[in-house]
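Chemist: Below: one structure in structure tokens.
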4 protein chains.
Amino acid sequence: MLADFKPRNPDYDHVVRDSFARQPYMADIGAWIDRLEPGLCELALERRPGLTQQHGFFHGGLVSALTDSAAGYACYSLYPPDSTVLTTEFKVNFLNPAQGTRLRARAQVVKAGKTLFVCQADAYAEESGERRHCLTGLFTMMCLTGKSDQVNFGRDVVST
Amino acid sequence: MLADFKPRNPDYDHVVRDSFARQPYMADIGAWIDRLEPGLCELALERRPGLTQQHGFFHGGLVSALTDSAAGYACYSLYPPDSTVLTTEFKVNFLNPAQGTRLRARAQVVKAGKTLFVCQADAYAEESGERRHCLTGLFTMMCLTGKSDQVNFGRDVVST
Amino acid sequence: MLADFKPRNPDYDHVVRDSFARQPYMADIGAWIDRLEPGLCELALERRPGLTQQHGFFHGGLVSALTDSAAGYACYSLYPPDSTVLTTEFKVNFLNPAQGTRLRARAQVVKAGKTLFVCQADAYAEESGERRHCLTGLFTMMCLTGKSDQVNFGRDVVST
Amino acid sequence: MLADFKPRNPDYDHVVRDSFARQPYMADIGAWIDRLEPGLCELALERRPGLTQQHGFFHGGLVSALTDSAAGYACYSLYPPDSTVLTTEFKVNFLNPAQGTRLRARAQVVKAGKTLFVCQADAYAEESGERRHCLTGLFTMMCLTGKSDQVNFGRDVVST
């Protein structure tokens, strides 16, 4: 059902991991890349008190944030060299409370266009070998070519 | 255009602020309630390095997380006593990079049903008196009556 | 990946087909039920001039309308007796132009709750044995119990 | 709150109405343009049996289809000459049953980018001077420049 994607950048693995490493927010929430293939990305993080809501579950906003990042990197793995990724929009449905000690987000590209990429993604809360499906969502990512992912560019650069 | 809502709980202000105060994630990202009225909630936070992406802007996932929380509390302000709030789903469009020193999310209830509430919300990045519109979104929140917002309930409780 | 669902109404096949037959809009666009299982529904229709946009493809609005109906009936197949179905919200991504002579929408339930059902659905344009993936979407359906699907109920009945 | 938009095509009114007139589906459902300004479009249609669901209300799929078209033309009114419009994705929330004799969809552009436009839109069912808010939604439209809106182009043209 899901397409078999060829990377447009042979160096995609390095490019994605390098971009991920430069995101302070990913370090702040303790996320790591658990799996990376062309068009597929899994991110994970461990529970700590600052990431929960009033019932002790992972906060829904955090769950969607991690999943958004997984979706962004699943798409970015298919981008050509010298490009950067921007979330255009996304939609998420919360299926079950994110109760567990580890949170995992898994994103797979559905359509790789020239400018727009569509990604399907899910989040799971894991604990003691059990896995709960917390969230399912659809993400649209833009491919900005000729833009460096590395410099801190100004506001005028991104005219989508 | 937006409805004038009557709170179903006269104590709504206390109830919302109390729930907010019990969310570790809100403290972790440094968010506070900047405005609260029946059917309306504004949350804000200050930039710190851990909240940014690779270009130094607020991370998109964080922007949607803050906005989701504002939407939840805008709805919760209209809930009856002895109820709790759950995000059913949401959709966000990113309009401009979240470049600024302060992030603000503003949510207003569009429809207050018996079980489901629909909320419209926007996020803005502010700096030196200037304001950029970063995100607009639609949120569906569920009203769970007869459930305490306070206890750390188990997984079986929430059968939506 | 998708759950194996048990119908809550042994008569689900009749109930769904009966509801479908009472929808004038389905007859107007020429749709039929091509497959029906617990938690799964496929609808199809043939191209006629009144269903196209300016380029001769199926109109995007029609594509989403057919998919919404497939999603509604996929969920309805899992509802208990004496209930009716209501679309709460949906989100669709258009992947490719709906170019073909037949349009097919396929919906599968992802989560069957007590009140809310989440459904994943796709649309395909078919022609000469070829199939194009036009649309992917997520749908939230409400289960209204104790409401007849058959009577023309008044506006006060549906207080979601 | 909504921006004041300058059309990029002085002939926008003619261009939009001409495109609308070439959509067989709009004629099929009996829709007309009720209001058109730069960045704003209202479409309306009258109830007839073929447009309703099992309770006699406008079918939800039809409501979203009309609103999608209003959103497309609100955006198209701001496009440069020699361009065409494509719905990238949309999300709708159903607020109340579409009970009435006339259906109206009103769309306003929120963000006019270079490639992507974001539009906010609502649908109303009207009867005897009363108006019910049926749907609210967010739409992303793509601006394809250098593509004719008029020819029946092939499948390879649209590589989004």
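The values are calculated or read from the model by the stated rules, or taken from the named source; none is laboratory data. Since the model is a prediction, treat every value here as computed from it, not as a measurement. In this analysis, Cβ positions are derived from the backbone assuming ideal geometry, glycine residues included, and neighbour counts consider all displayed protein chains. We work out accessible area using only protein heavy atoms, side chains counted, and drop any ligands, DNA or RNA first. Shrake-Rupley method; radii C 1.70, N 1.55, O 1.52, S 1.80 Å.
Chemist: By its C-alpha gyration tensor, with a ≥ b ≥ c as the square roots of the eigenvalues, how is region C:1-48 shaped: rounded for a/c under 1.5, else prolate for a/b larger than b/c, else oblate? Let's see the in-between values first.
Modeler: On the way: a/c = 3.77, a/b = 1.63, b/c = 2.32.
In terms of gyration-tensor shape, oblate.
Chemist: Counting only protein heavy atoms and a 1.4 Å probe, tell me what percentage of region D:12-145's accessible area is made up of carbon and sulfur. List each step's numbers first, then the result.
Modeler: Working: 1730 of 3690 Å².
Here carbon and sulfur together make up 47 percent of the probe-accessible area.
Chemist: What size of dipole, in debye to the nearest 20, comes out for region B:8-139 about its Cα centre when the only charges are +1 on Lys and Arg C-beta atoms and -1 on Asp and Glu C-beta atoms?
Modeler: On the way: 14 positive and 15 negative charges, 46 e Å.
I would put it at about 220 debye.
Chemist: Mind jotting down the distance between the C-alpha centroids of region D:28-54 and region A:14-37, whole Å?
Modeler: Going from one Cα centre to the other spans 47 Å.
Chemist: Short version: ³J(HN,Hα) in whole Hz for each residue of region C:8-24, in order, from phi by Karplus 6.51 cos²θ - 1.76 cosθ + 1.60 (θ = phi - 60°), x for Gly and Pro, what are they?
Modeler: The phi angles translate into 8, 10, x, 9, 4, 4, 5, 4, 5, 5, 5, 5, 4, 5, 8, 9, x Hz.
Chemist: Sticking with this one: Where in region A:17-43 does accessible area fall by at least 40 Å² between the isolated chain and the complete protein assembly, at a 1.4 Å probe radius?
Modeler: Residues passing the criterion (a loss of at least 40 Å², heavy atoms only) are A:Q23, A:P24, A:Y25, A:D28.
Chemist: Note down the relative contact order for region C:12-145 as a percent, whole number, built from C-alpha pairs under 8 angstrom at least six residues apart. Working shown, then result.
Modeler: Working: 318 pairs, mean separation 33.7, N = 134.
Contact order relative to length: 25 percent.
Chemist: Assuming a ≥ b ≥ c are the square roots of the Cα gyration tensor eigenvalues, decide whether the protein assembly as shown counts as rounded (a/c under 1.5), prolate (otherwise, with a/b larger than b/c) or oblate. Don't skip to the answer; put the middle values down first.
Modeler: Working: a/c = 1.36, a/b = 1.13, b/c = 1.21.
Rounded, since a/c falls under 1.5.
Chemist: Would you calculate, for the protein assembly as shown, the mean residue ellipticity at 222 nm contributed by helices, counting each DSSP H stretch of 4 or more residues as -39,500 (n - 2.57) and dividing by all residues, to the nearest 500? Mind showing how you got there, number by number?
Modeler: Details: 12 runs with 128 residues, N = 640.
Taking each H run of at least 4 residues, the total per residue is -6000 deg cm²/dmol.
Chemist: Mind putting a number on the dipole of the protein assembly as shown about its Cα centre? Charges go on the C-beta only, +1 for Lys and Arg and -1 for Asp and Glu, and I need it in Debye to the nearest 20.
Modeler: Numbers: 68 positive and 72 negative charges, 0 e Å.
It comes to approximately 0 debye.
Chemist: If you roll a 1.4 Å probe over the heavy atoms of the protein chains, what accessible area per residue do you get for chain B, in Å²?
Modeler: 35
Chemist: For region D:34-101, just say rounded, prolate or oblate: build the C-alpha gyration tensor, square-root its eigenvalues into a ≥ b ≥ c, call rounded for a/c under 1.5, and beyond that prolate if a/b exceeds b/c, oblate if not. Could the numbers behind the result be given before it?
Modeler: Working: a/c = 2.69, a/b = 2.08, b/c = 1.29.
Verdict is prolate for region D:34-101.
Chemist: Could you compute the net charge surrounding B:L135? Neighbours are other residues with a C-beta less than 11 Å from the C-beta of B:L135; K and R count +1, D and E count -1. It would help to have the intermediate numbers written out before the result.
Modeler: Values: positive: B:K91, B:R104, B:R106, B:R132, D:K111; negative: A:E89, B:D68, B:D122.
Net charge around B:L135: +2.
Chemist: Give the interface area between chains A and C as buried accessible surface, both sides summed, probe 1.4 Å, in Å² to the nearest 100.
Modeler: About 1300 Å² of accessible surface is lost on pairing.
Chemist: Could you work out the per residue convex hull volume over the alpha carbons of region A:1-147, in cubic angstrom? All intermediate terms of the calculation are to be shown ahead of the outcome.
Modeler: Values: hull volume 15.4 nm³, N = 147.
Taking only Cα atoms, region A:1-147 has a hull volume of 104 Å³ per residue.
Chemist: Can you tell me the 0 to 90 degree angle between the C-alpha axis of helix D:60-76 and the longest principal axis of chain D, rounded to 10?
Modeler: Around 30 degrees separate the two axes.
Chemist: Taking the axis that carries chain C onto chain D, what is the nearest Cβ in chain C, and at how many Å, to the whole number?
Modeler: C:K91, 2
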